[in-house]
Amino acid sequence: MSTAAMNHRRTTPFKDDHARFEAGRLGMWLFLASLGMLFAASLIGYLVIRVTIDWPRDLPVVPPILWISTLLLGVSSLTMQSAVNAARRNEITRLQMTMAVTTLLAGLFLVMQSFAWWAWFDQLGERWADSNRYRWALTGFFVMTGIHALHVLGGIWPMLLVTARAFAGRYTAERHHGVHYCAMYWHFLGAVWVVLFITLLFGT
């Protein structure tokens, strides 16, 4: 191999660890932008239906358990960021613990959401056949929270992988790309949930 070819190989962006990290982060931003459009579309659709149909005025408040799930998601965002900080400082034990706690909180969030779905259907399910207005109210709630829950579920799998790698000692202060990407995704879902929760809180 010529000297020029060897130099080209060494300077290829994806052969350099930092450049590979930056490329991965750009890919994550593009991925999150596409997800943002999906959530924005579902939110706009909900609001359009909300203002264009005869929305029922006797809807109960959103299930109070949603406050608990919101708290869990907020705490998990803090522990996720703590994991990133631990990785940057090469605090491996702290990284392991915070990743494990974040994953556990993500699972508990989904459990709380399932209770919220049951509570909402329990309050409105008997009115399903009475009017399309109640069908729209139920559907809007389940669609918005369901799409978010599916993305949380999808995020748990890479989170489990990152946690396993943390316990295997695969991350260092210089190389912890997976932790960073997980944090980007998780903070995004946390921000999306805040918007959805506020919409449900004041839009039902």
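Derivation of every value follows stated rules applied to the coordinates shown; laboratory data play no part. In this text the structure is predicted, and so the values were computed from the model without any measurement. Methodologically, a virtual Cβ is constructed for each residue, glycine included, from the backbone with ideal geometry; neighbour enumeration extends over all protein chains shown.
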For the chain, build the charge dipole from Cβ charges (+1 Lys, Arg; -1 Asp, Glu) around the Cα centre, then report which of Phe109, Met159, Leu43 sits farthest towards its positive end. Met159
Can you tell me how the stretch 45-91 classifies by the Cα gyration tensor, rounded, prolate or oblate, using a/c under 1.5 as the rounded cut? oblate
Given R₀ = 25 Å, what would the calculated FRET efficiency be for Asp54 paired with Leu150, taking r from the Cβ atoms and rounding to 0.05? 0.25
Percent of all Cα-Cα pairs per 10 Å bin for the stretch 3-203, counting from 0 up to the last occupied bin, reads 8, 29, 28, 18, 10, 5, 1, 0
What full-extension length gain, to one decimal in nm, is calculated for Trp67 and Val194 as 0.36 nm per residue of separation minus the Cα-Cα distance? 44.7 nm
Need one number: nm distance between label points at Glu174 and Arg135, each 7 Å from Cα along Cα→Cβ, rounded to one decimal. 6.2
Semi-axes of the equivalent ellipsoid for the stretch 154-200, Cα gyration tensor, largest first, Å: 27, 11, 6
Take the Cβ-Cβ distance between Ala19 and Asn85 as r, set R0 to 30 Å, and report the resulting FRET efficiency rounded to the nearest 0.05. 0.80
In deg cm²/dmol, rounded to 500, what helix-only [θ] at 222 nm does the chain give when every DSSP H run of at least 4 residues adds -39500 (n - 2.57) and the total is split over its residues? -29000 deg cm²/dmol
Summed residue charge, Cβ within 15 Å of Ile92's Cβ, Lys/Arg positive, Asp/Glu negative: +4
For a quick check: sort Glu91, Glu174, Glu22 by the number of other beta carbons within 10 angstrom, fewest at the front. Glu174, Glu22, Glu91
